[in-house]
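Below: the structure, in structure tokens.
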Amino acid sequence: MTTESLRHCPACNQSFSEEFAPSHYGVTHRQDASCLNPDCRSLERHRLLWLYLQENILTNDKNMFFLEIGPTRSLKNAFKRYPNVRYIGMDLISKRANVRADINDIPFADNTFDIVVCYQILEHIYDPILAVRELKRVVKRDGKAFFQVPLNIDLATTSSPSSSSPREREILFGQEDHLRVFGMDFEELLREGGFFTQCIDYAGRFSSEERKLMGLKLSYLIGPKNSPYTTSEKFYLATKT
Ligand SMILES: [Zn+2]
């Protein structure tokens, strides 16, 4: 990293002389979000998770079995630098998936994975508690699962799932394939799914200069264009014991 670097992505370990690209998911676009490396394209949450994994999980060369639901280019490629990690990306449709399966019926035995990542998935699923229970089943007894969802920090209770039209869902939630907006009771859902949980404000441990350099945000606006809501970058660490 040189002093001229304006942005640095910890996931692909590359530096750039310009800001990150805007994010175009949903209807609320945000600036300075997506890594410029076409083999990475990490967003804020992926860079933050990678920093956490590097500092807390990938600290030795112990063999590890890792499952990402909805595989991202950034994590899939970042793990190539760790030959001790066996990476599985699971999805029903994504081309990046090396296992095609439903989150409610994961084709692996109980207690298989050391680490599971389920980021921005549960808002697409009709019954998220069922999915959380299935993830708990495949996490090892001493394993860890990481969750993040679009969460309105001003909403106490998660909205009911909506089976309205894609257009209506886009107006309500900002993305046509989102079935709900989560509220601050999200952690209770993980507990109902059988996990012990911890909410981690990892971005908060970096200085504002470090956050700017690595494109980490504490919070940002997402959701419908005319009534966006503030979501937090905090993530949830879930364990079985
Ligand atoms: Zn990158």
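Bear in mind that the values in this text are calculations on the coordinates, not laboratory data. Worth saying up front: this structure is predicted, and the values here are computed from it rather than measured. Glycine also receives a Cβ, built like all others from the backbone with ideal geometry; neighbour counts cover every protein chain displayed.
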Discussion item. Considering only C-alpha atoms, what is the centroid distance from region 155-197 to region 116-142, in Å?
Written reply: 14 Å
Worksheet item: Once label points are set 7 Å from the Cα along Cα→Cβ at both residue 205 and residue 63, what is their separation, rounded to one decimal in nm?
Response: 2.9 nm
Fill in: Cysteines not pairable in the chain (beta carbon separation under 4.7 Å absent)
118, 199
Worksheet, complete the sentence: Counting sequence-distant residues (5 or more places) and residues on other chains, those with an amide H built under 5 Å from that of residue 85 are 64
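So, by mean Cβ neighbours within 10 angstrom, what's the order for 172-178, 146-152 with the highest one leading? Intermediate values should be presented prior to the final figure.
Details: 172-178: 19.6, 146-152: 22.9.
Put in order of decreasing packing, that is 146-152, 172-178.
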Practice prompt. Note down the nm distance, to one decimal, between modelled labels 7 Å out along Cα→Cβ at residue 185 and at residue 54.
Written response: 3.9 nm
Practice prompt. Sketch the reach of a paramagnetic label on residue 134 as a point 7 Å from Cα along Cα-to-Cβ, and name the residues of region 40-81 whose backbone nitrogen lies under 13 Å away.
Written response: 69-70
Practice prompt. Work from the charge dipole of the chain (Cβ charges, +1 for Lys and Arg, -1 for Asp and Glu, about the Cα centre) and give the residue of 82, 194, 113 farthest towards its positive end.
Written response: 82
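Given Cα pairs under 8 Å that are at least 6 residues apart, what percent is the relative contact order of region 142-241?
Relative contact order of region 142-241: 39 percent.
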Worksheet item: In straight Cα distance, which lysines are under 23 Å from residue 95, not counting same-chain residues fewer than 8 positions off?
Response: 76, 80
Worksheet item: Add -39500 (n - 2.57) for each DSSP H run of 4 or more in the chain, then divide by its residues: what number comes out at 222 nm, to the nearest 500 deg cm²/dmol?
Response: -6000 deg cm²/dmol
Item to complete: Show which lysines lie in cross-link reach of residue 225 when reach means a straight Cα distance below 24 angstrom and same-chain residues fewer than eight apart are skipped.
Response: 217, 234
Item to complete: Towards the positive end of the charge dipole of region 7-239, with charges on Cβ (+1 Lys, Arg; -1 Asp, Glu), say which of 12, 203, 22 has the farthest Cα.
Response: 12
